[in-house]
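Read the structure below first, then the notes.
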Amino acid sequence: MKHNAAAFALGLAAVGLWGAVGARLLSAQGGMQQKAPITKEVRAHVYRPTPLPATAARIATLKAPPGFSITKWAEGMNNPRMLAVAPDGTVYVSQREPGNVVMLRDKDGDGRADVKRVVARRKMAHGLALRGDRLYLVTVNEILVADRRADGSLGPLRVLVDDLPEAGQHPNRTLAFGPDGWLYVTVGSSCNACDETSQEYATVLRMRPDGSGRTIHASGLRNTIGFGWHPKSGDLWGLDHGIDWLGDDEQREELNRIEAGRRYGWPYVYEDGKPNPADSPPKPFTYATWAKTSRAPVLQYTAHSAPLQMAFYTGKQFPAEYRGDAFVAMRGSWNRLPPSGYEVARVSFDEKGRPERIEPFVTGWLVEEDGQYAHFGRLAGCAVMPDGSLLVGDDENGVLYRIRYTGTGTTKG
């Protein structure tokens, strides 16, 4: 009866609610040896807030700490996803649905992009990374590279890798170069929770810049889109998406310290070693022994917030207390009531590079009136600009926001 919970959830999703049900899953699944069935009572919802346009009046309601301003830096984009910012201020944006990469520049310095140009085309373009005078791009199956020209345009795309696992449920690969000069690539799971057909699903891969020497750096990571290295400690951190259909408040999103050779629990255990009753570990593991040999998250955040791109703050514009912290675009839930996410979150680190807490930084894209919810932004991209401001993208309304510190109180527009 393996995976019946997922099928049951999808059936209930059709009527909009999986509420107060007992998901009784027998321990005989997958040859698992347990003394008693595992019973879990779950309350979960399918709830998609109504989308609204990002008008000036609505943007003016966004809430940020005192001294920060929020303005439109670019608009009229088409499903903007990941961001990469060059030292000269050129911004590259992947647009997944049309399948291209757009170059943006603020040529006149007025705080808004005035140059917009498609510089590459590739189906399901998503993760971006800059290294020297080259831009790297990852799609579902491919890793490609192109030379950057002085005007910000790109030369022809060259394929480095063409055999990443097929997409499944999580097609949004991302990539970045580590302090060691190697290329790291995230590959999400093909499913919500299941036994995978390829060992490279639910992993972070590591390879040379030319695509050779590919290995699995870490596994058991359901869908880690946002990741990066702390600028002081050099440790690799990533935010992983929790399993769906465990309830409105489970599974919480996980902040993991991603270490070479480590496993991170998915799909059999989550959070502090809780068993996922829909999938039992392979022999000879039990839930307890799988949890013991997996690394638990360091911090957790509200379930179903959907963390996407993460950027460590290395600029000097924000107050000193923000330096070394990470900012995360939380795209927002579709399966929780009340909805979660629809915000920029901050991961605070101490002076030694240890994370202390995750908290909202900019909120207000989600609005509520008389128990009904709507939103005017689903956030995806997040990157630090050369001047120290933070750039955040909305992949539904096609807006890129600039968050900067003015020191004169919060103003928006």
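Which residues, taken from region 235-268, are open to solvent by 30 Å² or more (accessible area, probe 1.4 Å) and in contact with an Asp or Glu (Cβ under 9 Å, 6 or more places away or on another chain)?
Scanning region 235-268 gives D235, E250, R252, R257, E259.
Take the residues in region 287-306 that are among the hydroxyl-bearing types (S, T, Y) and touching a strand residue (DSSP E or B) at 6+ places or on another chain (Cβ under 9 Å), then tell me which one is farthest from F349 (Cα to Cα).
Y287
Could you list, in sequence order, all residues of region 334-353 that are touching a Lys or Arg at 6+ places or on another chain (Cβ under 9 Å), under 15 Å from A380 (Cα atoms) and polar (S, T, N, Q)?
none
For V159, only one of the following conditions fails: (1) assigned to a strand (DSSP E or B); (2) in contact with a Gly (Cβ under 8 Å, 6 or more places away or on another chain); (3) surrounded by fewer than 17 Cβ atoms within 10 Å (Cβ to Cβ); (4) not aromatic (F, W, Y). What is its number?
With respect to (1) assigned to a strand (DSSP E or B); (2) in contact with a Gly (Cβ under 8 Å, 6 or more places away or on another chain); (3) surrounded by fewer than 17 Cβ atoms within 10 Å (Cβ to Cβ); (4) not aromatic (F, W, Y), V159 is out only on (2).
Among the strands (runs of 3 or more DSSP E) contained in region 327-413, which hold 1 or more residues that are open to solvent by 10 Å² or more (accessible area, probe 1.4 Å)?
Strands (runs of 3 or more DSSP E) meeting the threshold: 343-349, 355-362, 366-369, 372-375, 379-384, 399-405.
Show the residue pairs meeting these rules: Cβ distance below 7 Å; 6+ apart or different chains; first residue within region 381-408 and in contact (Cβ under 8 Å) with a residue 60 or more places away in the chain; second residue among the acidic types (D, E) and open to solvent by 20 Å² or more (accessible area, probe 1.4 Å).
G398/E75; V399/E75
Which members of region 130-139 meet the condition of being assigned to a strand (DSSP E or B) and either β-branched (V, I, T) or open to solvent by 10 Å² or more (accessible area, probe 1.4 Å) (or both)?
Listed by number, the residues that qualify are L130, R131, R134, V138.
In region 80-103, which residue that is outside any strand (DSSP E or B) and either without any contact (Cβ under 8 Å) to a residue 24 or more places away in the chain or more than 15 Å from the chain's Cα centre (by Cα) (or both) is surrounded by the fewest Cβ atoms within 10 Å (Cβ to Cβ)?
Top of the filtered list is P87.
How many residues does region 349-407 contain that are over 30 Å from M103 (Cβ atoms) and among the aliphatic types (A, V, I, L, M)?
4
Please go through region 218-267 and pick out each residue that is over 18 Å from the mean Cα position of the chain (by Cα) and part of a strand (DSSP E or B).
Of everything in region 218-267, those that are over 18 Å from the mean Cα position of the chain (by Cα) and part of a strand (DSSP E or B) turn out to be R262, R263.
Tell me which of these E271 doesn't satisfy, since it passes every other one: (1) under 30 Å from S233 (Cβ atoms); (2) crowded, with 23+ Cβ neighbours inside 10 Å; (3) in contact with a Lys or Arg (Cβ under 8 Å, 6 or more places away or on another chain).
All conditions are met except number (2).
Restricting attention to region 282-293, does a residue exist that is in contact with a helix residue (DSSP H, G or I) (Cβ under 9 Å, 6 or more places away or on another chain) and farther than 21 Å from A329 by Cβ?
Yes: one or more hits.
Scan (1) out of contact with any Gly (no Cβ under 6 Å at 6 or more places or on another chain); (2) outside any loop (DSSP other than H, G, I, E, B) for the single condition P284 breaks and write down its number.
Result: P284 fails condition (2) only.
Only one residue in E166, E142 is within 22 Å of the chain's Cα centre (by Cα), open to solvent by 20 Å² or more (accessible area, probe 1.4 Å), farther than 24 Å from A311 by Cα and not polar (S, T, N, Q), so which one is that?
Answer to the check: E166.
The values are calculated or read from the model by the stated rules, or taken from the named source; none is laboratory data. Not measured: the values here are computed from a predicted model. Positions of Cβ are backbone-derived with ideal geometry, glycine not excepted, and every protein chain shown enters the neighbour counts. Areas reflect the complete protein model, heavy atoms only, side chains present, ligands, DNA and RNA absent. Shrake-Rupley method; radii C 1.70, N 1.55, O 1.52, S 1.80 Å.
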